[in-house]
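For reference, the structure is listed below as structure tokens.
The values are calculated or read from the model by the stated rules, or taken from the named source; none is laboratory data. All values reported here derive from a predicted model rather than from experimental measurement. Cβ atoms come from the backbone with ideal geometry, glycine included; neighbour counts cover every protein chain shown. Just so you know, the surface numbers come from the protein's heavy atoms only, side chains and all, with ligands and any DNA or RNA stripped out. Shrake-Rupley method; radii C 1.70, N 1.55, O 1.52, S 1.80 Å.
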Amino acid sequence: PLPPAMAATSPHAHWAEDVLEPRVEDPRGHAVGVRAPAGHLLRVDPDGGEFEMVAAGFRNAYDFDFGPEGEVLTFDSDMEWDLGLPWYRPTRVYHVVSGGEYGWRSGSSKWRNGVPDMASTLVDIGLSSPVGVLYGEELDFPDEDRSALFIGDWTYGRILRVRLDPDGGTFTGSFDHFVTGKPLQVTDLEVGPDGAMWFITGGRGTQSGLYRVTHENAGSRPRSELASAAGSESRARRREIEALHGHPEAAAAALAELWPALADRDRAIAYAARIALEFAPISEWRSQALAEENDQIALAALLALTRAGEASDAAAVLARLSALDWSSLDRAQRQAWLRIHEVALARHPELLDEAMQLLLRARLEPLHPCGDVELDRAMLALLMHLDSQDAVAPGIATLASPEVGPALDAAMSLRLSDHLDAAQRAELFRWLATAKNSDGGHSFRGYLDVIEREALARASESEREQLAALAAPAPRELPDLAAISGGNRAWTMAGLEPYLVLAAKGRDFEAGRAAYAKAACAACHRFDGSGGGGVGPDLTSAGSRFSPRDLLRTVLEPSAEISDQYRNTRVRLRNGRILIGRIVRDDDVVELIVDPYTGQTMRVAAKDVVAREPSPVSPMPMGLLSTLSLEEILDLLAYLESAGNPNHPAYAK
């Protein structure tokens with residue numbers, strides 16, 4: 001939740017969802033109902049009386065540090081459930097700038113890379129679990145490491161070193177592995193008084209440890225002040241402009257300097273200038289924005305006017321956009337041109353009367369498709385919002401894309417159209433059947449199910465049965481969990497722990513794979529890129545964060561430590577009935593997934609709910625090892641530890 005009030009000087013001030021296409025919330029319930037500003041960075045005065053919002057649009061950044069020249073750096077989380085979906089955002093390091101918007105939105109509505117109102121990424125990391133970060137300036141390390149950012153990854157048991165490469169008013173970066181181990185579930189890192197790096201491990205019931213990293217030449221040289229990185233003049237210029245953020249009078253006085261900066265070839269400077277312009281009184285620059293002939297300046301100024309102005313300003317912006325010649329715009333300018341349409345209509349839906357709808361359709365339909373995947377995605381979403389019939393056929397053609405992403409984007413836009421004929425609707429549902437067999441994260445299939453359900457609702461009664469059959473993939477065989485749990489081996493931690501040392505060497509890879517299948521792990525978990533019904537976490541990295549003892553405990557005692565991502569909720573109703581499941585909708589209706597293996601849901605009216613609380617019982621059943629022998633359990637533990645690598649030391653003879 002936000003603090004009670006934000007100071008008028010907050011650099012991040014003109015935020016909104018700015019999402020036009022109807023959102024699909026995460027089908028497994030992640031961040032349902034969370035809206036902008038999402039994760040945010042606040043600055044507070046020493047007395048705690050005033051809060052300023054510096055930047056926002058993060059998903060789940062755990063930590064930040066001050067890097068070169070006091071610049072703020074952070075490491076933001078992905079949502080691995082979105083793997084395979086076109087809006088998936090890998091974990092990434094950000095240079096957090098004043099007024100920066102980083103575009104995370106819940107469900108299917110995450111902003112896409114390249115939109116002009118989103119600040120840049122410093123470097124994409126990929127699959128990881130961001131925790132603590134540390135800028136190395138105070139370390140007793142060589143200067144090349146003292147000017148690096150160190151970031152912790154809990155899931156894969158590592159500390160990464162990010163090299164910061166100056167890039168005009170900001171940075172880009174590259175990274176390598178600095179510390180790795182198994183298990184090494186890093187949680188935070190800091191500089192000690194001795195100049196060494198200290199870091200701690202643990203979390204979710206695992207063994208915690210404190211470690212110290214030193215350099216072989218520690219103490220042999222003074223920690224001198226680092227030389228300024230290249231491009232410091234550009235960053236200083238950016239900060240001069242950022243000083244205007246939140247200060248209308250100063251921004252108004254600097255209009256003559258800000259205006260050409262909107263077209264600066266350094267994107268960081270142009271971004272800062274556009275935010276500064278949004279703070280200047282609109283009456284002093286509205287006419288100039290609407291009359292500007294330089295395309296780059298015009299697009300930046302029109303975006304600022306749309307974000308900071310009223311509905312009448314947005315209407316004037318939409319009219320002005322028609323005068324910009326699409327054929328003369330470069331790719332980034334075309335993306336900005338489309339984005340301004342989207343922001344204007346998202347912020348001011350009242351503008352979309354019949355006349356505006358006809359005008360915008362006439363403007364956009366001749367441009368679609370243009371042959372650029374991302375621009376066509378944005379145009380199709382806009383045209384579906386405008387109830388275009390002409391855009392349907394190109395959208396259906398996109399379903400033939402060899403990549404799932406563009407096709408899924410098209411299906412998401414087409415799902416609510418009433419203009420699909422019978423053949424086009426059948427094509428959409430045949431695509432759904434194919435897509436359901438694609439690899440993806442835990443929420444992947446759920447999004448496809450929403451597309452199917454909403455598209456089906458627009459079909460006639462006579463079509464629905466046939467369409468549903470077209471969308472049906474080959475049935476997935478589910479294990480008989482009751483039978484598995486009914487074995488007669490009552491394994492306990494006390495009985496198995498003395499044998500854990502035998503899991504470290506001389507094990508059998510194929511026997512471990514067979515034990516993994518016998519225990520039905522693949523029904524709920526992905527491992528080494530395959531399997532998984534989207535019920536539990538990916539186990540590929542389990543050996544990086546859990547010791548064999550911890551792994552064994554999670555299987556034998558699944559309710560001892562339950563991740564918030566997979567914990568169910570107990571919902572008590574007025575009639576005394578109790579439902580247990582994962583909440584995926586929570587408004588006037590509460591909807592729960594009550595059977596994670598089949599995806600079965602139940603809905604109840606919110607007014608009938610009298611209490612809800614976290615369930616103390618894990619969705620993972622007890623007794624999964626009951627059918628395994630001691631040797632099979634040891635081979636299974638080695639298999640999980642190996643991450644699917646048959647050359648792991650556990651298989652050395």
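Would you mind getting the accessible area per residue of the chain, heavy atoms of the protein chains only, 1.4 Å probe, in Å²?
For the chain, the solvent-accessible area averages 44 Å² per residue.
Please report, in cubic angstrom per residue, the volume enclosed by the convex hull of the alpha-carbon atoms of the stretch 280-327.
Normalising the Cα hull of the stretch 280-327 by residue number yields 68 Å³.
Roll a 1.4 angstrom probe over the protein heavy atoms and tell me the percent of accessible area of the stretch 358-443 that is carbon or sulfur.
52 percent
Taking just the alpha carbons, could you work out the radius of gyration and Dmax for the stretch 357-422, both in angstroms?
Here Rg and the maximum Cα pair distance are 10.9, 34 Å.
How many angstrom separate the Cα center of the stretch 373-415 from the Cα center of the stretch 612-634?
Here the answer is 44 Å between Cα centres.
Bin all alpha-carbon pair distances of the stretch 334-451 at 10 Å intervals from 0 and give each bin's fraction as a whole percent.
13, 44, 32, 11, 0
Over all directions, the average projected area of the alpha-carbon convex hull for the stretch 507-631 comes to how many nm²?
The number I arrive at for the stretch 507-631 is 8.9 nm².
Kindly identify the stretch 228-343 as rounded, prolate or oblate by the Cα gyration tensor criterion: order the square roots of the eigenvalues as a ≥ b ≥ c, call it rounded if a/c is under 1.5, otherwise compare a/b with b/c, prolate if a/b is larger, else oblate.
The shape class here is oblate.
Can you give the helix-only mean residue ellipticity at 222 nm for the chain, where every DSSP H stretch with n ≥ 4 adds -39500 (n - 2.57) and the sum goes over all residues, rounded to the nearest 500 deg cm²/dmol?
Value at 222 nm, helices only: -9500 deg cm²/dmol.
How large is the direction-averaged shadow of the alpha-carbon convex hull of the stretch 146-220, in nm²?
6.4 nm²
Would you mind telling me the share, in percent, of accessible area of the stretch 233-278 contributed by carbon and sulfur at probe 1.4 angstrom?
53 percent
For the stretch 493-572, build the charge dipole from Cβ charges (+1 Lys, Arg; -1 Asp, Glu) around the Cα centre, then report which of TYR499, SER547, ALA520 sits farthest towards its positive end.
Of the options given, the answer is ALA520.
At 7 Å along Cα-to-Cβ for each site, give me the label-to-label distance between ALA400 and ASP608 in nm.
So the label points at ALA400 and ASP608 sit 4.8 nm apart.
What ranking, highest mean first, results for peptides 184-196, 122-134 when packing means the other Cβ atoms within 10 Å averaged over each residue?
122-134, 184-196
Measure of size requested: the Rg and Dmax of the stretch 83-160, with Cα atoms as the atom set and Å as the unit; please supply both.
Answer for the stretch 83-160, Rg first and Dmax second: 14.8, 45 Å.
In Å, the Kirkwood hydrodynamic radius of the stretch 38-140 over pairs of distinct alpha carbons?
That comes to 14.6 Å for the stretch 38-140.
Could you estimate the translational diffusion coefficient of the chain from the Stokes-Einstein equation, with Rh from the Kirkwood formula over C-alpha pairs, at 20 °C and 1.002 mPa s, in whole µm²/s?
Taking Rh from Cα pairs, D becomes 78 µm²/s.
Near LYS436, which aspartates and glutamates are there with a Cα under 15 Å away, not counting those fewer than 8 places off in the same chain?
ASP82, GLU403, ASP409, GLU427, ASP449, GLU452, GLU477
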